[in-house]
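These notes concern the structure reproduced below.
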Amino acid sequence: MASRSADPKGSSQRNGGGTPSLDAVSLAIIEQLQEDGRRPYAAIGKAVGLSEAAVRQRVQKLLDQGVMQIVAVTDPLTVGFRRQAMVGINVEGDVEAVADALTDMSECEYVVMTAGSFDLMVEIVCEDDDHLLEVINQRIRALPGVRSTESFVYLKLKKQTYMWGTR
């Protein structure tokens, strides 16, 4: 297993598995952006000991490598989506094909292949119960290979964080 890079010039190196291994400075930049995705590069540079230009270059490299994204996260309720659910799906045959079809559905915000009671877990964000029913009954259950689904409707969101990326 590759250790974290200590290369002061680059933001990361690839380990044997093709995954970037990040140095302490890149991790510190990510932490700064997790606290405030609009934090100026000059302020980040001051916090991590780099110039504004060096921070800009590292951030771009992290974005290009797919290590991180900088996005606006909304509360679905405030933008008209009143129903969220996690759906457990059991599949016959090719799980990957079903997962790919789900990723193409705009309502599916999170698709993960799992080990355990379900082959896939999918988070769905919908306008209302009718929309949720349409997505599950007419679109997900209609996919070739879907054997069964179990829905877990969200009643109240207690915690959602994106700060786990560097610990």
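The values are calculated or read from the model by the stated rules, or taken from the named source; none is laboratory data. No experiment lies behind these values; they were computed from the predicted model shown. Quick reminder, even Gly has a Cβ in these numbers, built from the backbone with ideal geometry, and neighbours come from all protein chains shown.
Would you confirm whether any residue within region 95-109 is in a helix (DSSP H, G or I), of a type in the set (Asp, Glu) and farther than 23 Å from LEU157 by Cβ?
Yes; the residues of region 95-109 include at least one that is in a helix (DSSP H, G or I), of a type in the set (Asp, Glu) and farther than 23 Å from LEU157 by Cβ.
From the set of residues in region 110-151 that are among the β-branched types (Val, Ile, Thr) and part of a strand (DSSP E or B), which is nearest to ILE89 (Cα to Cα)?
THR149
When you go through VAL59, VAL71, VAL122 one by one, which is the residue that is surrounded by 13 or more Cβ atoms within 10 Å (Cβ to Cβ), more than 14 Å from TYR154 (Cα to Cα) and β-branched (Val, Ile, Thr)?
On inspection, the qualifying residue turns out to be VAL59.
Whether any residue in region 73-92 is more than 30 Å from ASP23 (Cα to Cα), of a type in the set (Gly, Ala, Ser) and part of a strand (DSSP E or B) is what I want to check.
Yes, because at least one residue in region 73-92 is more than 30 Å from ASP23 (Cα to Cα), of a type in the set (Gly, Ala, Ser) and part of a strand (DSSP E or B).
Between residues in region 45-69 that are small (Gly, Ala, Ser) and residues that are outside any helix (DSSP H, G or I), which pairs lie under 6 Å by C-beta distance while being six or more apart or on different chains?
Going by the 6 Å Cβ cut-off, the qualifying pairs are GLY45/SER51.
I'd like to verify a number: residues in region 21-54 that are modelled with pLDDT of 95 or more and assigned to a strand (DSSP E or B), how many?
0
Would you please list the contacts, defined by Cβ atoms under 8 Å and residues six or more apart or on different chains, that run from a residue in region 119-134 that is in contact (Cβ under 8 Å) with a residue 40 or more places away in the chain to a residue that is surrounded by 16 or more Cβ atoms within 10 Å (Cβ to Cβ) and of a type in the set (Asp, Glu)?
ILE124/GLU107; VAL125/GLU107; CYS126/GLU107; HIS131/GLU107
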